[in-house]
1. Among (1) in contact (Cβ under 8 Å) with a residue 24 or more places away in the chain; (2) over 13 Å from residue A:466 (Cα atoms); (3) outside any loop (DSSP other than H, G, I, E, B); (4) under 52 Å from the mean Cα position of the chain (by Cα), where does residue A:423 come up short?
2. Say we look at the stretch A:208-262 and pick out the residues that are in a strand (DSSP E or B) and open to solvent by 30 Å² or more (accessible area, probe 1.4 Å); which of these is farthest from residue A:167 (Cα to Cα)?
3. Does residue B:85 qualify as being at the interface with chain C (Cβ under 7 Å from one of its Cβ atoms) and open to solvent by 30 Å² or more (accessible area, probe 1.4 Å)?
4. (1) in contact (Cβ under 8 Å) with a residue 40 or more places away in the chain; (2) within 16 Å of the ligand (Cβ to nearest atom): which one isn't true of residue A:106, the others all being true?
5. Return the residues of the stretch B:72-83 that are assigned to a loop (DSSP other than H, G, I, E, B), out of contact with any Ser or Thr (no Cβ under 9 Å at 6 or more places or on another chain) and not polar (S, T, N, Q); say none if nothing qualifies.
6. Restricting attention to the stretch A:17-34, and to residues there that are more than 7 Å from chain B (Cβ to nearest Cβ) and within 22 Å of the chain's Cα centre (by Cα), which single residue is nearest to residue A:154 (Cα to Cα)?
7. Take the residues in the stretch A:61-88 that are within 14 Å of chain C (Cβ to nearest Cβ) and open to solvent by 20 Å² or more (accessible area, probe 1.4 Å); name whichever of them is nearest to residue A:162 (Cα to Cα).
8. Residue pairs, Cβ under 7 Å, 6 or more apart or interchain, first in the stretch A:155-176 and farther than 28 Å from residue A:242 by Cβ, second more than 16 Å from the ligand (Cβ to nearest atom). List them.
Amino acid sequence: MSAPWQRDGYEAVIGLEIHVQLNTASKMFCSCPNNFGDEPNTNVCMVCLAHPGALPVANAEAVRQSVRVGLALGCQIPDVSEFSRKQYFYPDSPKAYQISQYDQPLCGEGIFRVPGADGFTVRLTRAHLEEDAAKMIHAGGEGGRISGSAGSVVDFNRVGTPLLEIVTEPDIRSPEDARRFLTLLRATVIAIGASECDMEKGSLRADANVSIRPIGSTEYGTKTELKNMNSFRFLERGVEAELERQLGLVQAGERIDQETLHFDPTTGTLSSLRSKEQAHDYRYFPEPDLLPVTQDQESLAALAGHLPELPVARFDRLSEAGLVEATALVLATDTGLAAYLDDLALRTGDLKIAANWVMGELQAHLNADALSAVQSPVTPERLAALIALVVDGTINQTAAKEVFAALVADPAATAAGVVQDRNLAQVGGDDALGEIIDAVLAAHPDEVEAFRGGREQVIGFLVGQCMKQSGGRADAKALQGLLRARLSS
Amino acid sequence: MSGVELTADEVRHVAALARLGLDDAEVERLGRELTSILAHVNTIAALPIADVPPTKHSRDSADSLRPDVARPGLPREDALRNAPDPSADGFRVPPIGA
Amino acid sequence: MSGIDVIGLTAERAMGMLRAGECTSEELTQAYLDRIAAVDGDVHAYLHVDAERSLAAARAQDAVAGDALSGVPIAYKDLLSTKDVPTTAGSRILEGFVPIDDADVVARGNEAGLVSLGKTNLDEFAMGSSTEHSAYGPTRNPWDLTRVPGGSSGGSAAVVAAGCAPWSLGTDTGGSIRQPAAFCGLVGLMPTYGTVSRFGVIAFASSLEQVGPMALTVRDAALLHQVIARDTDRDATCTGPREPIVVPDAGRLDGITFGVPRAELEEGVEPGIRARFDESLAIATALGATIVDVELPYSRHGLAAYYVIAPAEASANLSRFDGVRYGLRVDAPDVRSMYEATRDAGFGPEVKRRIMIGTYALSAGYHDAYYVQAQRVRTLIRQDFDTAFQGVDAILLPTAPTTAFPIGARLDDPLAMYANDIFTLPVNLAGIPALSLPNGLSDGLPSSLQIIGPAHSENLLLRLGAAFEAEHAFDVVPPSMRSGA
Ligand SMILES: [Zn+2]
C-alpha cells in the first residue's frame, strides 16, 4: 500500500460505491435506445415515463455483462438473484421507486487486488444491477446544483439506463489508494467491454464513504458519503478534503454527522446535501413484476472462460517480463495500448524493445494527435518493420525517430522505403567510416595532439565531428571503436 | 402485538412517507381505521411460522429476460401529451424547495 | 331503434348471427348503444362510451370478411389501458388521462375483431368489493338497483347483466371478477397467475391480479379467454396458458372428485347461499361426482395476509401518480407540497387507506412483522391447496358469503367490506384459477358457486362449470331487465 493517510494519530477508512452505466443497445427494462446526448425526452416510452400499466422486462445482455464484470472482479455469482423496489419520491424517479436489488444481488462478495510493490487488496461487498434516474435540468440554478426557485425540467432519456453498482468494504486507507483502486477497476470494466466508464459523461460515477478512526482501532467512526466526484482528481481531492474536515472536527471536540456531502471542484469545498430531509426509509420489497434471475454453473464457467486478459493479470505478466512497474501499470490499464504492445511484441519478438517504443514514440504521437492506439496510422506491422531495421543495425536511433515521424505523416510509407529515400542507412563498415575519420583527423590536428597527450575526453568532440560528417548516420559504436584504434596507432 | 394503536404522529409519519397531504380530520379517521385493520392483520403476527419461507414471487422462475434489441422511443409530442405542465422538450416541476 | 334484442344475448349467439349474415356488426353495436342509452342512466355501469368510435370500429369489421368473433361487441373495465381513449381507473387522479397504447388484452381483443362499446366503472384502482369506491359514483346492480353490483369489476358485471354488452373483461386481485359475477348472476373466470398479460392493466397488486372474462355462459367465458390468454413479451411474469383453451360442452361428472372445505363454511355464510351451495353438491353427486372433505387451515388467515400484501404492493404501484408526467396536478410552490396536494386531492378514501396500510407494513421496523409474515402465510395457503389437490380434482365453495348488499351498507366498515372476499382471496394468494358461475337465487338475488382448481386447470374448470350450468338452467336476465319490463 502506498503511504496510508495518517494524521495526528488518526487513519483514513474509505469505501467506494461505484456506478457503471452498461453500454447495452437498449435500456434496462424497456427497449428504448440506451444513448447518451440525444434530444431531451426522445428515448422514452410508457415504461420510461412510468405510465399506468407499463411493466419492466429485464435486459438479458445487461444481466450477462453484469455477471461478466462480477467474474472479472472476483465476485461470487449466486445461483439466484432478484430485483427489489427501492422507494423514494423525487422527480427523477418516475415510478417513485427504483428497480434495484436488495438482499439477493447478481454478484456477491469478491476480492480485488491492486498489484505492485506497494499493492493492496480491497474486499468487494457486492455488485447489483439497477436502473439509472432521469436528469433534472434546473432552470436558473448553476451547474446542475439543486437550488434556485425557478423549478426544473425533467428529461427522461437517461432513466432506465442499466447501472451496475459495485460496493466495496471500507478497506482503502488513503485518497491516493482510492484513485489507484478506481483506476484499475475502471480498466477492468473497460477491458471486458461492459462500459466506456467515461467519468465526464457520467458513465462511471463514484461515491466515497469516508471516516477516520484512531490508528489501531478496529471500530469504524461515523462516515459521511461524498457524491459527485466526476474525475479521478476530484475523487482524490474530495476525499482528502473530507478527511481533513473530519480531523478538524474531532480535534475541536465536535461531532461528525452522518450526512451526504457534495464536492464542489471549483472551490474544493464540501457542502451538505439533502440534510434537511428525514432519514431515508426505502421500504424495499421484492419486485413483483420481475421473476428471479437464475445462473447455472455451466454458463458461468463459459462466461468466465471467455473473459479477455484482465488488467491485473496483464500487469503481472508485464512485470514478470521485466517491465518496470510504472510502465507495466500504464500498459495494464490501457487495453488499447496493451493490445498494440502485444501485437508489436509478437512481431518483433522482444517485449521490452516493443514496450520502449510504445511508451516512447508511439504514446507521444498518440497524445499529440489525440488518437487511440488502434487509430494510429503506424500499425504494429509498420512499426515492427522499423524496429527490425534498428535491431539489425541498418539504422540508428536518431534515424529511427525520423523514420517514425515519416510513417506518421505518410500512411503509405514503409520504414525501408523512408530509409532508402532519405538515405538514412547507418554508415557502418570500416572503409566508409575510415574515410570520414581520416578527413576529421586531418581537419583537427590540435585535438588529435591533445588526445594523444592524455586528454581522453577530446574523443567525444571527435566522435561528434565524425557523426556530423556522416549526416548523423554513422554507427556510433563502431565509430568510437575505429576512432580509438586509429588514435592509438 | 395485537393492541397496536396508531398515534396521530405515526399516521402523519406514514402519510409523509407516502406523500399524502392529509388534513387533521383525515389523520384522525385514518388513525382509527388503520388501528382496527391492523388489529385484524395482527391475528397472523403470533403464528409460529418463522421457519416457513416467505413467498417472494408470484410464480416460479421462467425465462423472462428480454433480448437486447433497441427500438425507437415515442415521438416527443406523445411523451409530453399527458403532461400537466410541459415545456418545449420536457416535464416542468416546481422547485425542489427547502 | 334497431330490431335486435340484445337482452340476454350471448356472445356465441351474436357471433352466429354475424357469421350467418343475420345482422351486421354495425347493427349489433347500434343495438347495444341503444340499450346503453336506455338503461345506463339507471345502472351507471359505463364511465366512457364513444358511440361514433364504436360504430366506426364495427363498420371496419363489417368491411372485411370477418371470421370467428370479429364484429362482436365487448366492454372493458376502465383499469385496462385503451389507446387514445380516456382511462381513469375510477380515480380523479387520472381524470383526462389518455393512454398512448392499448393493454395487451385489449390489443388481443382488437386483433380478434371485437368492437369496444366503452369503459366500465370500478372501485378506484380496483380497490373495493362494491364499485362504491369509484370517484365517478357507484354502479347499481341490475338485479336490484338499490344494491351494489359487487366489485371491483362491478361495471363490467353490470353491463353484461343489464344487456349493455354481451360480455366484458374484468380484473381480479382478490375476487374482483368472481364476486361481481356472483352478485350479478354471471360467469367469471380468474385465470392462473401468469397466463394473461398484465401489460397496460393499471396495477393494484401486481403479484395477485389477472385479467379474466365475465360472460353470460361458461362457453362465452371460454371463448373470450381464448382471445386473451396469450404469451407476451411485455409482461415478464406471463407465459400464456400451458394448453389451448377449449370451449366446453355440458356433460356428466363421472370420475370427478370435488373437495369441500366445510370448516370454512361454518361462519358468516348467509343461509340462502348455504342452501344453494348444498343443492349444487347434490347436483354434482347426481352427475356422478364424488364429494370429499378437504382442509384449508390457513385460508382463514388469507384475509389478514391479503390486507398486508396487496396494500404493500399497491402503495408502491400508486407512487407514480405524482402530478409530473400525466394526470392531476395541484399546483404548489415546491415539489414536495405539489406531490402531497396532488395525491391528497386525487385519491379517494379507500385508496388512501390502502396506501397507508401498505406504507406502514413496509416501513422500517414493521417490514418483517407484517410483510414477511404475510408472505409466510401465503406460502402456507399455497401448500394447503397443493395438499388438497393431491386428493381432489377441484374445490367447491360459494363465491361470496352473501348476496349483493345494499348500496352504502358497508361503506363505513372497511373490515366488513373486506370480509366479503374471504372465499376468493386465498385463490389469488395461491395464484391458481377459479371459475364463478350462477347457482340459483337467494331471496331473488343471484347466488354463486366457485370451482377452484390447481394451476393451469382452466379447461377442467370450464368443463365442470358447463356441467353445473346445464343442470342449474339459470335465467341470466334480471327480472327488471327483461324485455318489456
Ligand atoms: Zn423506454
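1. Of (1) in contact (Cβ under 8 Å) with a residue 24 or more places away in the chain; (2) over 13 Å from residue A:466 (Cα atoms); (3) outside any loop (DSSP other than H, G, I, E, B); (4) under 52 Å from the mean Cα position of the chain (by Cα), only one is false for residue A:423: (3).
2. This residue is A:214.
3. Yes; evaluated as a whole, the condition is true for this residue.
4. (2)
5. Listed by number, the residues that qualify are B:81, B:83.
6. If we take residues in the stretch A:17-34 being more than 7 Å from chain B (Cβ to nearest Cβ) and within 22 Å of the chain's Cα centre (by Cα), then A:21 is nearest to residue A:154 (Cα to Cα).
7. A:86
8. Close Cβ pairs satisfying both conditions: A:155/A:137; A:162/A:129.
The values are calculated or read from the model by the stated rules, or taken from the named source; none is laboratory data. Fair warning: this is a prediction, and the values are worked out from it, not measured in the lab. Note that each Cβ is placed from the backbone with ideal geometry, even for glycine, and that neighbours are counted across all protein chains shown. For the accessible areas, the whole protein counts, side chains as well, though only heavy atoms, and no ligand, DNA or RNA atoms are used. Shrake-Rupley method; radii C 1.70, N 1.55, O 1.52, S 1.80 Å.
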